[in-house]
Amino acid sequence: MGCKLNFSESSAIARQFEEGGFVRVGPDDEADICVVNSCSVTEHADKKCRNIIRKLHRRNPSAIIAVTGCYAQLRPNDLAAVEGVDIVLSNNDKGDLYKRVLELSERGHTQVFACETSELTSFFSAFSSNDRTRAFLKVQDGCDYKCAYCTIHYARGSSRNIPVADVVAQAERIAAAGQKEIVITGVNTGDFGRTTGETFLDLLRALNDVEGIERYRISSIEPNLLTDDIIAFCAASDKFQHHFHIPLQSGSDKILGLMRRRYTTAKFADRIESVRRAMPDAFIGIDVIVGFPGETELEFERTYEFLERVSPAYIHIFPFSERPGTPAVDMPDKVPSSVASQRVQRLEKLCSELHRKFAENALGKTRKVLFESTMRGGYMFGFTGNYIRVKVPYDRTMINRICDVELVAMDGDSADVSGRINASEVTTTE
Ligand code: SF4
């Protein structure tokens, strides 16, 4: 459940079980052990987790259900009270979760193993391996920022990372498995280097030299950590894609202050301009929280106008969710959920207009596309470097290949594009 970081860890946990002789089964198949890697970024995520556990228990009444992840870290006893849960383990236990679950599964009563945030000091190395095309590689964990709405740093501990050399070794394993694209992920990814005295740029440079990986994407980076050097490096690299995901959260400096974010709208706009100067075709995705306490109509209009001005390719919209233990809980001037929903709808409309316009601007151009294995309606899909989704007639020989594709037309009223492969120009390292 949850973010790309959790996804990479879930895949690594699954490998622990497979190396222990277990076979992974589908969600509708009977299982002996179910492991839930939970998320707790919003109230909705907590509810979803409880529902999934109940569903797993109904489908596998005799299975051992073990829950780990951020919800288990923050409120272990809440999860222990959910019918069907046998074992609750902290984020510290992920490194040897397989062993823990096996040694604990005999006992036949619910067991809770919690730990304090201050004890979250170990680093669980992880990358995903169950997707043929791209892998999510965890490079950093934890966060030292204290944004007023966020519980992640309580669930994940302080910012830490493994040495660049260890990350490179994992990227080489991913390349050896035949995957061509890596998405580097973390909690505060750009804060890489905090515990090793290295920098995020050191990491990018080292990864750029890994044989066999042809593309990298940075899953997300805080605006105050997106330096000119990083921008210049990505612009000059033929492997780091022109795709940036940068959390804004609000287009109002008053609200950014209340959120305890580390930049102003002017600083944010300056980062966007720097990216666009170096990579005019860059896809910029922005996170926005709607309905934060104190967000009056005027403050929301400021956010809306700011988004129109910086014109990102995509807006990830999150209605504010009050999280226990965060400063935002005690803040005055709460925004009614009905008002927040109206604001979400307005931003969703703006997002689909901007997303479509971004793709339309690329029509007629030829772009490199890495094709995935999914087939739908006789078509297959892939993404350009700057994250435009392209569809072409299905051809199994194109899976996991990078091809030059002419972007021909918009696909219906979506932001997808129909493409034409210049078959003569198929490029592959095989
Ligand atoms: S930067 Fe802020 S929002 Fe992001 S994980 Fe850290 S505390 Fe949470």
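The values are calculated or read from the model by the stated rules, or taken from the named source; none is laboratory data. From a predicted model like this one, the values you see are computed outputs, not experimental measurements. With ideal geometry, Cβ positions are generated from the backbone for all residues, glycine too; neighbour counts draw on all protein chains shown. What goes into the accessible areas is simple: the full protein's heavy atoms, side chains included, and nothing from ligands, DNA or RNA. Shrake-Rupley method; radii C 1.70, N 1.55, O 1.52, S 1.80 Å.
Under a Cβ-Cβ limit of 4.7 Å, which cysteines in the chain have nobody to pair with?
Flagged as lacking a Cys partner: C3, C34, C39, C49, C70, C115, C143, C234, C351, C403.
Per residue, what volume in Å³ does the Cα convex hull of region 30-168 take up?
So the per-residue Cα hull volume is 133 Å³.
Give me the 1.4 Å probe accessible area per residue for region 189-285, excluding ligands and nucleic acids, in Å².
Solvent-accessible surface per residue comes out at 38 Å².
Of K47/K357; K180/K391; K55/K349; K48/K254; K4/K180, which ones are farther than 26 Å apart at the Cα?
Going by Cα-Cα distance, K47/K357; K55/K349; K48/K254 fall outside the 26 Å limit.
Can you give me the convex hull volume of the Cα atoms of region 299-373, divided per residue and expressed in Å³?
167 Å³
Over the residues of the chain, compute the C-alpha Rg and express it relative to 2.2 N^0.38 Å. Numbers along the way, then the final one.
Details: Rg = 22.1 Å, N = 430, 2.2 N^0.38 = 22.0 Å.
This ratio for the chain stands at 1.00.
Let me cross-check H316: its accessible surface, 1.4 Å probe, with only protein heavy atoms counted, in Å² to the nearest 10?
Accessible surface of H316 is approximately 60 Å².
Compare I52, I388, I289 in a GNM of the chain, Cα atoms joined below 10 Å, and give the one with the largest fluctuation.
I52
Taking R0 as 51 Å, what FRET efficiency do you get between S62 and S338 from their Cβ-Cβ distance, rounded to the nearest 0.05?
0.70
At what distance in angstrom do the alpha carbon centres of region 304-322 and region 9-61 lie from each other?
Comparing the Cα centres of region 304-322 and region 9-61, I get a distance of 32 Å.
Can you tell which of D281, D141, D32 shows the greatest fluctuation in a Gaussian network model of the chain with Cα springs below 10 Å?
Result for the chain, Cα springs under 10 Å: D32 fluctuates most.
Restricting to region 121-197, what percent of DSSP beta bridges are antiparallel, rounded to 5?
Roughly 40 percent of the DSSP beta bridges within region 121-197 come out antiparallel.
Roughly what % of DSSP beta bridges within the chain run antiparallel, to the nearest 5?
Looking only at bridges with both residues in the chain, the antiparallel portion is about 40 percent.
Express the carbon and sulfur contribution to the solvent-accessible surface of region 210-337 as a percent, rounded to the nearest whole number, probe 1.4 angstrom. Write out the running numbers ahead of the final one.
Details: 2680 of 5120 Å².
Reported share for carbon and sulfur atoms: 52 percent.
Counting Lys +1, Arg +1, Asp -1, Glu -1, what net charge surrounds A148 among other residues with beta carbon under 14 Å of its beta carbon?
So the environment of A148 carries a net charge of +3.
To the nearest 10 square angstrom, what accessible area does Y304 show with a 1.4 Å probe?
About 40 Å², rounded to the nearest 10.
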